[in-house]
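To start, the structure itself, in structure tokens.
The values are calculated or read from the model by the stated rules, or taken from the named source; none is laboratory data. Owing to the predicted nature of the structure, the values given are computational and were not obtained by experimental measurement. We place every Cβ from the backbone using ideal geometry, glycine too, and count neighbours over all the protein chains shown.
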Amino acid sequence: MKVRDVVLVNAKTESDSGSDTWQLPKPAKILSLRIIEKATNGATSNTVGKLKHWLSKIQVVDGSFAIASLSGREAYASYCFCNGVGSFQDLSGGAGVVITDEVPIMFGRFMNDREYYLDTSQLVNPQLSLTWANTVSATAGIATGTTSFSVIARVIEDGAVPYKGYLMRKEVLSWTTAASGDQHCTLPLDFPYMGIYVAALKTTISPDTIITNFKLSRNTDQFIDFNISGTQAYSKNVQDYGYFLQKFRPLVDTAATWLGDLYYQTGAYFSRPGATAKSITTAVAAESVTTVATTGGTADLTELTLAGQAPGAAVYLPFHAGDPYNPPQPDDFLNPAGLGILDLIMTQGVVSGAGTVVVEQVHP
């Protein structure tokens, strides 16, 4: 099978916040879309040091039908779990440094899946749209007018294997968590499920305390697919997928706190201490990392490595074995055909967390 990368958008400068829409090539067999955002840090620093959390919506649509509908964090989480590694990033807190955050959209079970891809010849008007709102700040954001996007489509040029369909990944629920009680999410019954992602985000709080139990019920408990605690669900992800890594270059000569994208069982260390600076990690709480560096270092040379689970504060609830060497097959998927109701019930434990549910369905 021959593939090639097609540049659909090349470093297009955009406003600090807004939205944009681009046509997808037709006809084309698209394996994935790489969405690459760049921006320049503020004149003093960018203590936030990342961009994906300001990317509120990524949509691939055919007219009014949504094929993908995710935030930047949700796209990052799906990429991590489906590929076992995080997507490309070049993140820094340094003054005036250009940073890069990449969030791929996949149409297969994993990146470059030969059997599942988006065949736009079967669509009427395929489009990609992005919505973002970057913070402009000299210290905790980016310089105004420096946001740009590139979009690269990986397409099958020749030798495509028989088409099995494509994967849809869409947010179906967003809510603010309560201190107790159950949050129900009635799931759609139109297509088979490969998995479900549930995110529970509150800064410095481990997500298994925000949602303390997950239960999937068919036809009001006629059959229960799972009923597990939050800790059991998140720890199972550790067992199945290991820990993900994320790198960030903090400022030296200062105590810096950075909020990464990994929220569970996190740890951090300086993998590159800088020219002459002595650097240590003083505290880690969920995604929050606090560091201290001595004088004598050079800005943008120190490098912090964050290791942990729950990318984007998400847990993955798959309907397959989670074996990266044996991709899930159609017989592994949960087929909701014939069901009257499919209900995901999440027990809450912390107030004012940001909860979301993303479904991962197979469209034939």
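Annotations
- Boolean, Y79 is in contact with a Pro (Cβ under 6 Å, 6 or more places away or on another chain) and under 23 Å from W22 (Cβ atoms): yes
- Residue in region 114-142 that is farthest from A68 (Cα to Cα), counting only those that are surrounded by fewer than 18 Cβ atoms within 10 Å (Cβ to Cβ) and under 20 Å from the mean Cα position of the chain (by Cα): T135
- Screening region 202-283 for strands (runs of 3 or more DSSP E) wholly inside it with 1 or more residues that are more than 27 Å from T100 (Cβ to Cβ) returns the ranges 211-218, 223-229.
- I36 meets each of the listed conditions (1) outside any strand (DSSP E or B); (2) in contact (Cβ under 8 Å) with a residue 40 or more places away in the chain; (3) of a type outside the set (D, E) apart from (1).
- Residue in region 172-190 that is assigned to a strand (DSSP E or B) and acidic (D, E) present: yes
- Tabulated pairs, region 315-326, first under 23 Å from A75 (Cβ atoms), second at pLDDT 80 or above and polar (S, T, N, Q), C-beta under 7 angstrom, 6+ apart or interchain: V315/N237; Y316/N237
- When region 43-80 is filtered for residues that are of a type in the set (V, I, T) and in a strand (DSSP E or B), the ones remaining, listed by number, are T44, I58, V60, V61, I67.
- Filter result (loosely packed, with under 14 Cβ neighbours inside 10 Å and of a type outside the set (D, E, K, R)) within region 190-203: T203
- Looking only at region 343-364, and only at residues there that are of a type in the set (S, T, N, Q) and over 15 Å from the mean Cα position of the chain (by Cα), the one that is nearest to E171 (Cα to Cα): Q361
- When residues of region 179-197 are limited to those that are aliphatic (A, V, I, L, M) and touching a Gly at 6+ places or on another chain (Cβ under 9 Å), the one farthest from M346 (Cα to Cα): L189
- Failed item in (1) surrounded by fewer than 19 Cβ atoms within 10 Å (Cβ to Cβ); (2) in contact with a strand residue (DSSP E or B) (Cβ under 7 Å, 6 or more places away or on another chain); (3) hydrophobic (A, V, I, L, M, F, W, C); (4) farther than 23 Å from T100 by Cβ, with F65 passing the rest: (2)
- Just so you know, in region 146-177 the residues that are among the hydroxyl-bearing types (S, T, Y) and more than 18 Å from W132 (Cβ to Cβ) include one that is surrounded by the most Cβ atoms within 10 Å (Cβ to Cβ), and it is Y166.
- Test result for F248, surrounded by 14 or more Cβ atoms within 10 Å (Cβ to Cβ) and at pLDDT below 95: yes
- Test: residue in region 140-161 that is charged (D, E, K, R) and over 19 Å from V60 (Cα atoms): yes
- Within region 84-133, tally of residues that are of a type in the set (A, V, I, L, M, F, W, C), within 15 Å of W22 (Cβ to Cβ) and in a strand (DSSP E or B): 5
- Top-ranked residue of region 1-46 - restricted to ones that are over 23 Å from Y116 (Cβ atoms) and basic (K, R), ranked as surrounded by the most Cβ atoms within 10 Å (Cβ to Cβ): K38
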